[in-house]
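Structure first, commentary second.
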Amino acid sequence: MTDQILPGIEHVVVLMFENRSFDNVLGGLYPNKPQSEYNGLTGNETNPKGACNPNADTVKVFQGPTNIETMVMPFPDPGELFNDMNEQQFGCCTLAQYNDGQCPDTGTVNMQGFVDNYGRQPLSDGVGPNPPNIMQYYAPGPDGCVPVTSALAQAYGVSDQWHASGPVQTLANRFFVHCATPSTYVENNQTVALLNNTELTSRHKDPDGSVSNKSVYELLDQAAQNSNWPWPGRTPWKVYFGDWPLAALVKYVDDNWGLIGGRVHLMDDPLTGFFHDLKANKLPTYSFLEPHYTNLLGTASSNHPGGADISGNGPPISICQGEKLLAKVYKALHNAPNNLFEKTLLIVTYDEHGGCYDHVPPPAAVSPFPTELNVQGFNFDRYGVRVPNIFINPFIQPGTIFRPSGSTPFDHTSIIATLRAQFGLGDPLTPRDAQAPTFAGLINPAKPPNTFSPTELPKFTCPKSKSPKPAAGVKVTRRKEPRPDTITAVIKQALRSPKNELRVKALQLPKL
């Protein structure tokens, strides 16, 4: 492997958070740079209060103060369904169209429907959405709400041209990072593209192992069996998780999730977890890290707006908890033995924008489906909204703004394309990762190493999260079951599966 596109890199670690847009997290990172150099926010971007009303008042983007109210904003959860994303991006959608799930997805993408769409979301814990809050974006720096994210982004690298793989929910976008496709299902003898989470969970009693598409994990295992694999004996891949691994929805991952051995482990497990493997110099070639999605095994750290309870109730998930996880992962890698930090690329990103405002229209994309498949419905020929990302390695120079060399933006399949090129994994999985730009050129070992130290990470504390107060006279009712389209619903369905009974017991999770 002498022609590596990332010289000296032997390990890739991906930490994927949930449901925030690029502008929401990183839009204020470089406020003094022109958008031609860094396409963040100017502070003057607006959205109308009524997307179909040309005379409607507008809401300007704003930065909230550094307090718990901003850290859990927006609450309740914004709209994430394909229909919601169409309204957010294409603008005008009548109430009748919205209620029928038929917001237009043709015409000009103007990014003018975020405020209108957020106002249509249901109550949570008796609290209704405050539509202007969808325009909030986080202030960078040690006194802001994302001090670790902004410090690492400025100390290493970030791209302002990374889009979610499709304008769809979490599951489909996460399947892209594993399999370079959103997956499909068969209905009425027709192959249909997966859009919303419920399209998978309604067809499978146990969602774990329900996606049989070939994955990057198979490619890694196949490559490791070749005689020219440079690291014999090293584990090719592992998935590390906080409370439940969504990667196990992919059959190949689920098949390798054994209670003894296996390649799917609790991130904090003292014998097999990510932090143990770093200290023991047993880091796999590829590691995929998943946060706590709920409060089941600790504090939710996914950064997903909305409730942290397994039934979707409050307290809300605080973005501060995601900062704590990021700091922990970074410090552990930075302090790992045997120069492991120099040999590892840490990629931090998010699966989708989750309804949070971004001002950049997603461009056209190559469909991941082969033409002979004749997939019905949305063909995934359009990217999703931009998502936050950070590239971390000591040979990435401070202040790097990394962009692809051509007109095709980065998306989640760029991770697969990079792994294939870096480690000689062979042919692409789908037409999407076949044309995805890689991260070639990001690492330059000819320049002196970046001397940023973990002791320079801002110190911060996370205030206790609690739900906003409902309006006077509004009766608060706690959900017994989560909304069926949410990740909590997916996890709860998996926890109830007889197949997972031993896993639930081993993890000491409650029976639901």
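Taken together, the values in this text are just the output of simple stated rules run on the coordinates, not laboratory data. A quick note: this is a predicted structure, and the numbers were derived from the prediction, not measured. Please note: Cβ atoms are built from the backbone with ideal geometry, for glycine as well, and neighbour counts cover all protein chains shown.
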For segment 64-191, what is Rg from Cα atoms divided by 2.2 N^0.38 Å, rounded to two decimals? 1.26
Exposure proxy ranking, count of Cβ atoms within 10 Å, fewest first, for Ser318, Ser367: Ser367, Ser318
Under 21 Å between alpha carbons, and skipping anything fewer than 8 positions from Lys447 in its own chain: which lysines qualify? Lys343
Taking P(r) over Cα pairs in 20 Å bins from 0, in percent straight from the coordinates, which label in (i) 24, 61, 15, 0; (ii) 22, 50, 25, 3, 0; (iii) 22, 56, 21, 1 is the correct one? (i)
Label-point separation (nm) for Asn338 and Asp3, each offset 7 Å from Cα along Cα-to-Cβ? 2.9 nm
Considering only Cα-Cα distances, which of the following residue pairs are longer than 19 Å: Lys282/Lys499; Lys475/Lys511; Lys205/Lys511; Lys60/Lys469; Lys469/Lys492? Lys282/Lys499; Lys475/Lys511; Lys60/Lys469; Lys469/Lys492
Percent relative contact order for the chain, counting Cα pairs under 8 Å at least six residues apart, stands at 25 percent
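Pull out the extension gain between Leu502 and Asn55, defined as 0.36 nm times the separation in residues minus the alpha carbon to alpha carbon distance; nm, one decimal.
Length difference between fully extended and current span is 155.0 nm.
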With the crude spin-label approximation of a point 7 Å out along Cα→Cβ, what separation in nm comes out for Lys331 versus Cys462? 1.3 nm
How long is segment 361-426 along each principal axis, judged by its Cα atoms, biggest number first, in Å? 45, 33, 19
Computed lengthening from Ser212 to Thr94, 0.36 nm per intervening residue step minus Cα-Cα distance: 38.7 nm
Compute the signed sum of charges (Lys and Arg +1, Asp and Glu -1) over the other residues within less than 13 Å, Cβ to Cβ, of Tyr38. 0
Could you work out the relative contact order of segment 1-69, using alpha carbon pairs under 8 angstrom and six or more residues apart, expressed as a whole percent? 17 percent
Using the 4.7 Å Cβ rule, please list in number order the cysteines from the chain without any candidate partner. Cys145, Cys179, Cys356
What order do you get for Leu171, Leu425 when you list them from fewest to most C-beta neighbours inside 10 Å? Leu425, Leu171
Run the numbers on segment 280-419 and let me know its relative contact order in percent, using alpha-carbon pairs under 8 Å that are six or more apart. 17 percent
Rounded to the nearest 5, the percent of DSSP beta bridges in the chain running antiparallel is 40 percent
Inter-site label distance for Glu69 and Asn226 at 7 Å from Cα along Cβ, in nm: 5.8 nm
Between Asn379 and Lys324, how high is the FRET efficiency from 1/(1 + (r/R0)^6) when r is the Cβ-Cβ distance and R₀ = 51 Å? Nearest 0.05. 0.80
Taking 0.36 nm per intervening residue step and subtracting the Cα-Cα distance, what contour gain separates Arg120 from Ser407 on full extension? 99.8 nm
Rounded to whole angstroms and listed largest first, the alpha-carbon spread of segment 444-512 along its three principal axes comes to 58, 45, 23
Unit charges on C-beta of K, R, D, E only; dipole of the chain, Debye: 1220 debye
Highest to lowest packing among 18-29, 152-163, scored as the average C-beta count within 10 Å: 18-29, 152-163
